[in-house]
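So the structure is just underneath, and the comments pick up after that.
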Amino acid sequence: MTDVVRLEFQGEIALITVNNPPVNALGQAVREGLLQAFQSAEADAQVRAVVLICEGSTFIAGADIKEFGKPPQAPSLPEVIEVIEGSGTPSVAVIHGTALGGGLEVALGCHYRIARRDAKVGLPEVKLGLLPGAGGTQRLPRLAGVEKALDMIVSGTPIDAAEAVEHNVIDELFDGDLREAGLAYARRMIEEGRAPRRTGEQTRGLENADNEALIRAKHAEVAKRMPGLFSPLRCIAAVEAATKLPLAEGLKRERELFAECLNSPQRGALVHSFFAERQASKITDLPADVKPRPINSAAVIGGGTMGVGIALSFANAGVPVKLLEINDEALQRGLQRARDTYAASVKRGSLTEEAMEKRLKLVTGVTNYSALADADVVVEAVFEEMGVKQQVFEQLDAVCKPGAILASNTSSLDLNAIAAFTKRPEDVVGLHFFSPANVMRLLEVVRGEKTSHEVLATAMAIGKKLKKVSVVVGVCDGFVGNRMVFQYGREAEFLLEEGATPQQVDGALRNFGMAMGPFAMRDLSGLDIGQAIRKRQRVDLPADRDFPTVSDKLCAAGMLGQKTGAGYYRYEPGNRTPLENPELAPMLDAASREKGIERRELDEQYIVERTIFALVNEGAKILEEGIAQRSSDIDVIYLNGYGFPAFRGGPMYYADSVGLDKVLARVRELHARCGDWWKPAPLLEKLAAEGRTFTEWQAGQ
Ligand code: NAD
């Protein structure tokens with residue numbers, strides 16, 4: 001055996017134990033160890049049953065990410081599983097924690113499977129642009145049926161053990177000790193004289209259903225919900241092969257489709273997205289011995305859109321939170337909004353009534369600052385005005401206990417100025433949540449110039465506790481996400497002045513993969529938000545800026561988006577489907593005329609380059625200024641907060657994949673044509689000249 005796989009004998013039972021911390025990933029040594037252990041067990045004439053268990057907190061949780069991108073090393077997982085399944089000695093996999101990807105495929109190779117009640121099983125390969133390539137697409141449908149297998153493989157979402165029993169993936173549940181449960185099951189197998197029951201020989205799941213119709217339906221769903229994604233369609237094709245081909249041929253087809261996914265550019269982008277998220281939690285200059293402060297209670301100032309969402313995020317994480325408003329009336333509105341938000345989840349079926357009441361009990365409304373004296377963290381979410389922020393932070397400074405984290409949710413104001421309203425600027429940090437704050441995963445952690453290491457580490461720990469993806473950013477107007485999206489949205493609006501319609505711009509960007517077009521997005525959040533920002537920027541920003549005017553025209557006409565029934569689009573009452581707004585066309589004509597622009601047809605590529613490269617050029621400036629620690633952090637922000645398609649890896653990775661020389665050439669053209677705000681970022685010029693990428697630069701080469 002190898003160090004990570006152990007074989008021992010308990011009478012007629014061979015007990016194989018995987019011990020490869022932290023998650024028993026299927027690295028080469030584990031594969032080799034499993035192969036040898038199963039072969040030795042089979043060769044031993046005394047052995048009548050084999051038990052496979054894992055040490056630590058989980059069964060095999062998947063492939064070893066350290067092997068990603070490296071040449072394959074023997075034995076391959078399909079080979080190992082073929083030996084496990086083909087063995088003449090019956091085997092049982094004993095699952096606890098999570099059996100994911102290759103882990104579940106190994107379990108499917110065993111002849112029987114039992115799981116601890118709290119276990120989960122799944123095939124998440126699609127999330128990394130792949131498909132289960134070690135028989136998962138052939139074996140799972142044979143047990144669970146085509147419908148369930150397609151759901152699991154195409155979504156990548158794990159199911160819990162009870163559901164796995166319902167769908168014949170797991171034979172039995174157990175509670176308590178793994179080893180005892182496994183040995184007891186093996187004894188029963190021996191007593192009952194059970195033979196190997198090979199999954200690959202099962203047909204039950206493939207019978208009694210209109211598999212062709214199920215496959216057609218999944219195709220339609222994928223085309224609608226995951227446009228542009230490569231691997232989900234290959235997942236479907238692989239499952240289809242299971243319905244039509246004998247196991248050996250199906251496995252061969254699965255390998256071919258797996259290789260197609262492996263070679264697709266989307267695969268690289270999805271792997272980048274995965275690693276970028278892990279990397280984002282690392283702060284380069286934070287000494288290793290810095291410990292976060294404990295966070296057991298929280299407070300939120302302001303019970304508006306954001307304040308309530310933030311309070312709910314704390315309650316969802318089990319942290320008691322006080323919500324402070326200016327008066328009782330505003331407070332009751334905020335608390336009602338909290339209740340309504342949960343009630344909507346209960347109605348949708350994603351939350352039980354009981355859980356709702358439990359969480360609401362964690363939220364206490366207050367109107368007096370003295371109630372915040374012992375909060376470990378306070379997040380301010382009042383109006384976006386410096387004067388109001390000043391009042392709030394001065395009061396917090398007066399009442400909060402020493403060591404409390406004083407955080408602001410400001411989207412654009414100077415955090416250093418906010419910190420200066422207190423006598424403890426080292427305790428002040430930005431926690432920039434995204435709307436709706438209880439749903440969106442992204443959290444920009446804004447590091448002020450005086451924010452202490454300990455406070456920064458605590459802010460990251462808070463993000464983790466709230467199950468957010470936290471990214472450290474520096475202080476500037478709009479931080480990373482909004483500073484870049486401002487450029488993107490402005491270019492989108494310039495396109496309207498050049499001749500495009502909102503439908504064309506939104507359509508082109510959706511085809512590119514954005515979750516939503518910029519104009520549908522603005523209608524959703526309300527055009528007045530942008531108007532307030534533009535008003536301030538017209539004063540603050542350099543005079544070389546040209547401002548588009550369509551949005552101002554809509555605001556002047558009272559069309560503020562969905563909330564007024566019209567904006568860039570028109571909406572029927574109670575319906576969010578964007579329809580053409582007939583009052584927009586004359587405004588577009590007027591906006592073009594005022595600037596002496598002759599309206600023309602714009603093609604999709606131009607629309608995409610003009611908007612996405614605006615993100616990239618600004619991202620390059622942000623990187624060079626040190627506002628983001630690394631280019632992949634910018635990608636994480638865009639993937640988690642702005643609906644950027646994961647299969648393109650984020651704006652910076654996308655630029656790298658296009659080639660920075662090509663991006664630069666376009667940016668130069670736009671600079672010459674549009675104006676000085678398109679001046680190429682020096683970092684983009686430098687890297688393009690050196691033939692390097694943003695990703696390489698982050699590595700400091
Ligand atoms: P909002 O207008 O919905 O809510 C603000 C709330 O603060 C109101 O309920 C108001 O009564 C309360 N308030 C005002 N002054 C107060 C005071 N002195 N003490 C206590 N409560 C007070 O605003 P919002 O959209 O929730 O935005 C709040 C903050 O979050 C702003 O800084 C904004 O820039 C930021 N932000 C907003 C979004 C968004 O999408 N709306 C996203 C990220 C960040």
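Derivation of every value follows stated rules applied to the coordinates shown; laboratory data play no part. In this text, all values refer to a predicted model and were calculated from it rather than measured experimentally. Cβ coordinates were reconstructed from backbone atoms using ideal geometry, including for glycine residues, and neighbour counts include every protein chain displayed.
On C-alpha positions alone, give me the angle between the axis of helix 305-316 and the longest principal axis of the chain, in degrees, nearest 10. For helix 305-316, the angle is close to 30 degrees.
The gain in end-to-end length when the Asn316 to Arg339 segment is fully stretched comes to 7.0 nm, 0.36 nm per residue minus the alpha carbon separation. Fully extending the segment from Glu163 to Glu353 would add 66.2 nm, taking 0.36 nm per residue of separation and subtracting the current Cα-Cα distance. For the modelled label position 7 Å from the Cα of Ser525 along Cα-to-Cβ, which residues of the range 634-653 have backbone nitrogen atoms closer than 18 Å? It comes to 634-645, 651, nothing else. Placing a pseudo-label 7 Å from each Cα along the Cα-to-Cβ vector at Asp477 and Glu604 gives an inter-label distance of 3.5 nm. When DSSP beta bridges are restricted to pairs lying wholly in the chain, around 30% turn out antiparallel. Listed cross-link partners Lys423/Lys468; Lys120/Lys465; Lys148/Lys224 are compared with a 31 Å cut-off, the Cα-Cα value being larger for no pair.
The share of C-alpha pairs in the range 296-385 whose separation exceeds 17 Å stands at 43 percent.
Only Lys, Arg, Asp and Glu carry charge here, each on its Cβ (+1 for the first two, -1 for the last two); on that basis the range 433-551 has a dipole of about 660 debye about its Cα centre. Here Lys679 and Arg536 are evaluated by their C-beta separation; at R0 = 25 Å the FRET efficiency comes out at 0.65.
A Cβ-based charge dipole, computed about the Cα centre of the chain with Lys and Arg at +1 and Asp and Glu at -1, lands at about 400 debye. The 3J(HN,Hα) values that the Karplus relation (6.51, -1.76, 1.60; θ = phi - 60°) gives for the range 484-496 are, in residue order, 6, 5, 4, 5, 4, x, 5, 5, 4, 6, 4, 4, 5 Hz. Gly and Pro appear as x.
Can you find, among Val308, Ser281, Ala620, the residue sitting farthest towards the positive end of the charge dipole of the chain, where Lys and Arg contribute +1 and Asp and Glu -1 at Cβ? The residue sitting farthest along the positive end of the dipole is Val308. The three principal axes of the Cα atoms in the chain give end-to-end lengths of 87, 61, 54 Å, sorted in falling order. Only Lys, Arg, Asp and Glu carry charge here, each on its Cβ (+1 for the first two, -1 for the last two); on that basis the range 298-473 has a dipole of about 680 debye about its Cα centre.
Each residue of the range 97-113 is assigned a 3J(HN,Hα), and the resulting list reads x, 10, 10, 10, x, x, x, 5, 4, 4, 4, 5, x, 5, 7, 9, 9 Hz, derived from the Karplus form 6.51 cos²θ - 1.76 cosθ + 1.60 (θ = phi - 60°), x at Gly and Pro. In order along the range 577-590, the phi-based Karplus estimate (6.51 cos²θ - 1.76 cosθ + 1.60, θ = phi - 60°) of 3J(HN,Hα) comes to 5, x, 10, 5, 8, x, 7, 7, 3, x, 5, 4, 4, 5 Hz; Gly and Pro are listed as x. Gain on full extension, evaluated as 0.36 nm per residue between Lys361 and Glu426 minus their Cα-Cα distance, stands at 20.2 nm. If you take the charge dipole of the chain about its Cα centre, with +1 on Lys and Arg Cβ and -1 on Asp and Glu Cβ, which of Gly691, Ala107, Ala338 is farthest toward its positive end? Going by the charge dipole, the pick is Ala338. A crude spin-label estimate for the pair Glu55 and Asn575, with each label 7 Å from Cα along the Cβ direction, gives 6.3 nm. Taking 7 Å steps out from each Cα toward its Cβ at Lys66 and Glu394 produces label points 5.7 nm apart. Under the criterion of Cα pairs below 8 Å and six or more residues apart, the relative contact order for the chain equals 9 percent. Most tightly packed first, judged by the mean number of other beta-carbon atoms within 10 Å of their residues, the peptides 478-488, 60-70 read 478-488, 60-70. Note on the chain: dipole from Cβ charges, positive end direction compared against Leu579, Gly88, Val658; the farthest Cα belongs to Leu579.
Across the range 5-263, C-alpha contacts under 8 Å between residues 6 or more apart give a mean separation that, scaled by the residue count, equals a relative contact order of 19 percent. A Förster distance of 41 Å, applied to the separation of the beta-carbon atoms of Asp328 and Glu449, puts the FRET efficiency at 0.60.
Loop-resident GluC sites (Glu not before Pro) (DSSP state other than H, G, I, E or B) in the range 578-651 with no more than 15 further Cβ atoms inside 10 Å of their Cβ: Glu583, Glu598, Glu601.
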